[in-house]
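> Quick one: the structure is below, and I'll ask about it shortly.
Quick note: the coordinates plus some simple rules give every number you see, no bench work behind them. If you're wondering where the values come from, they're calculated on a predicted model, not measured in any experiment. Heads up, the Cβs are rebuilt from the backbone with ideal geometry, glycines too, and the neighbour counts pull from every protein chain shown.
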Amino acid sequence: MSFSTSSLIIPVTVPNVTDQRGHNNLPCGEIHVIFGPMFAGKTTALLRRVNSESKLGRNVVMIKSNTDTRYAVDAVVTHDGTKFPCWSLPDLSSFKHRFGQDAYEKVDVIGIDEAQFFDDLYDFCCNAADIDGKTVVVAGLDGDYLRRKFGSVLDIIPIADTVTKLTARCELCGKRAFFTLRKTDEMQKELIGGANMYMPVCRQHYVNGKFIVGAVKKVLESHQLQSELVPEKPLVS
Ligand SMILES: Nc1ncnc2c1ncn2[C@@H]1O[C@H](COP(=O)(O)OP(=O)(O)O)[C@@H](O)[C@H]1O
Ligand SMILES: Cc1cn([C@H]2C[C@H](O)[C@@H](COP(=O)(O)O)O2)c(=O)[nH]c1=O
């Protein structure tokens, strides 16, 4: 069977969306993704971007998952204390309703922190950028403590304009850290915590890390045992 080229041409009607000055009114949103291990500066980069958009006169709003309330309930906070007010939500689909349709229409830039905790990240970003014309800046973990993909952060790469993988400093050797090591024995994927529970590490120390964490724990435990066995000297004899 053979087709002529003309039989394959499908007529497509493009709606006329130009205004009086000939500019088209198609929405032109953007999606920017920032990911990496914990302590890599993801929240810092997100706040920098949102602040600079705000200085340019754009209307910005910040959202974070209400799963993570480590530093504040109603603010996105970096590990070194920089803050930005935000909406803490269980999911992204509730945002438009809670924020209000009028307010939503006026927003130009939407920042999303701790994006790994939002299951509806893909649909939200798609609609916000493609249909509503918003600039969406997303920050989150690409991988969990076992280096498995975390939530939907990696799923939005195909719909993103830009993708940035940040690195931290390995806490054991100071080299670039790509991964997050969990220092406790808990096994669940979601476990909220900071430097008390996690540390950023390079590849070599990720692989050796479990061993090192175990060894350090043993040393600390034996120190505690010794101080319990040897009674403290009285200050006054
Ligand atoms: N091992 C580390 N490597 C890099 N930064 C670290 C480390 N430990 C603590 N920090 C601090 O964390 C800050 C980054 O915090 P933040 O932007 O909240 O990171 P993220 O959102 O990626 O977890 C750095 O500016 C630095 O002050
Ligand atoms: C690796 C890993 C992390 N988490 C949690 C721990 C923190 O509450 C956040 C990440 O915060 P940050 O802004 O990137 O520092 O995620 C988790 O639940 N499970 C993990 O495996």
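> At a threshold of 8 angstrom on Cα-Cα distance, excluding pairs fewer than six apart, so keeping six or more, what relative contact order does region 52-160 reach in percent?
Working: 165 pairs, mean separation 27.6, N = 109.
For region 52-160, the relative contact order is 25 percent.
> Find out how many positive minus negative residues lie around Ser88, taking Lys and Arg as positive, Asp and Glu as negative, among other residues whose Cβ is under 15 Å from that of Ser88. Working shown, then result.
Values: positive: Lys64, Arg70, Lys83, Arg98; negative: Asp68, Asp74, Asp91, Asp113, Glu114.
Spelling it out: positives minus negatives among the neighbours equals -1.
> Determine the equivalent ellipsoid of region 76-126 by diagonalising the alpha-carbon gyration tensor, then write out the semi-axes as square roots of 5 times the eigenvalues, largest first, rounded to whole Å. Don't jump to the answer; show the numbers that get you there.
On the way: eigenvalues 80, 45, 18 Å².
In descending order the semi-axes read 20, 15, 10 Å.
> How large is the charge dipole for region 94-182, taken about the Cα centre, if only the Cβ atoms of Lys, Arg (+1) and Asp, Glu (-1) carry charge, to the nearest 20 debye?
Values: 12 positive and 15 negative charges, 134 e Å.
Here region 94-182 has a charge dipole of around 640 debye.
> Next question. Considering only the other residues whose Cβ falls under 11 Å of the Cβ of Phe35, what net charge follows from Lys and Arg at +1 and Asp and Glu at -1?
Neighbourhood net charge equals +2.
> Along the positive direction of the dipole of region 105-145 (beta-carbon charges: Lys, Arg +1; Asp, Glu -1; about the Cα centre), which of Leu121, Val109, Ala139 reaches farthest?
The Cα lying farthest towards the positive end belongs to Val109.
> With 22 Å as the limit, write out which pairs from Lys42/Lys106; Lys149/Lys189; Lys64/Lys96; Lys96/Lys149; Lys83/Lys175; Lys64/Lys134 have Cα-Cα distances beyond it, or answer none.
From Lys42/Lys106; Lys149/Lys189; Lys64/Lys96; Lys96/Lys149; Lys83/Lys175; Lys64/Lys134, over 22 Å: Lys42/Lys106; Lys96/Lys149; Lys83/Lys175.
> Which whole-angstrom value gives the distance between the alpha carbon centres of region 133-189 and region 21-99?
16
> Relative contact order, percent, of region 67-225 when contacts are C-alpha pairs under 8 Å separated by at least 6 residues?
Details: 187 pairs, mean separation 25.4, N = 159.
Over region 67-225, the number comes to 16 percent.
> Give the peptides 68-81, 118-131, 51-64, 93-106 in descending order of average Cβ contacts within 10 Å, highest first.
On the way: 68-81: 14.3, 118-131: 18.7, 51-64: 15.9, 93-106: 12.4.
Output ranking for 68-81, 118-131, 51-64, 93-106: 118-131, 51-64, 68-81, 93-106.
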